[in-house]
Amino acid sequence: MLPFCKWLEHTSVGAGIRESLWLFPAIETLHLLGMAALVGTTTVFDLRLLGWMLRRERVSELAGRLLPWSWAGFAVQLVTGALLFTSEAVKVYPNPAFRVKMLLIFLAGVHALIFHWSVYRDVASWDDSGILPAGAKVAGFVSILLWIGIVAAGRFIGFV
Ligand code: HEM
């Protein structure tokens, strides 16, 4: 993987970002805005699943309004994250905080799939009852913990 990281850093994109005075902070700013869109909307949805927020809103309607923003934020994170990584791949690839972050992003993806294929598949049966199934509450709680971990690991990349 190290030869690939070295190659990545020497691409015109990697070198261009690294040698520019403003490109890295500009891309990292977009990375933070993407995070706000992604983690902000998933957290609101998860707090609804826990029954701690927007209790009068139907979960399925909230999902319809919030999840497109989550996906848009995730797309921004993939593009800006890949650009940031390209500029400092050799330094970041062995970084334990970066590895923990990538693992947690993978787990957050698996968790979202399991939620949508299990608890959320029956949303029509519990959405109007106002009674949240335990599985929805657990899913909301686990998701919030995963995203806190991802954000913290992202912040720690520059410090370990
Ligand atoms: C999917 C959700 C993601 C979230 C919530 C997230 C969050 C963060 C946060 C909070 C930071 C610290 C920013 C700062 O210090 O100002 C960061 C930095 C960074 N992220 Fe992400 N990130 C995500 C995805 C990715 C992906 C997919 C990659 C790579 C493929 C990536 C690569 C990086 C890199 C290289 C840095 C810069 C570290 C440095 O300061 O040198 N991120 N991320």
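The values are calculated or read from the model by the stated rules, or taken from the named source; none is laboratory data. Everything numeric in this text was worked out from a predicted model, so none of it was measured. Note: ideal-geometry Cβ built from the backbone for every residue, glycine included; neighbour counts use all protein chains shown. Keep in mind that these areas ignore ligands, DNA and RNA; they rest on the heavy atoms of the full protein, side chains included. Shrake-Rupley method; radii C 1.70, N 1.55, O 1.52, S 1.80 Å.
Counting heavy atoms of the protein chains only and a 1.4 Å probe, report the per residue accessible area for the chain as a whole number of Å². Computed with neighbouring chains in place, this is 60 Å² per residue.
Ordering I144, I114, I131 by how much accessible area each has at a 1.4 Å probe, largest first, what is the list? Numbers along the way, then the final one.
Values: I144 30, I114 100, I131 125 Å².
In descending accessible area the options line up as I131, I114, I144.
In plain terms, if you count all Cα to Cα distances in segment 2-159 and split them into 5 Å steps from zero, the share in each step is 2, 9, 16, 19, 16, 12, 9, 7, 5, 3, 1, 0 percent.
When the solvent-accessible area of segment 2-159 is split by element, carbon and sulfur atoms take up 73 percent of it, the probe being 1.4 Å. Applying the criteria of a DSSP loop state and at most 15 other Cβ atoms within 10 Å to the trypsin sites (Lys or Arg not before Pro) of segment 1-66 yields R55, R56, R58. Between the alpha-carbon centers of segment 1-72 and segment 84-114, tell me the distance in whole angstrom. With segment 1-72 and segment 84-114 each reduced to a Cα centre, they are spaced 13 Å.
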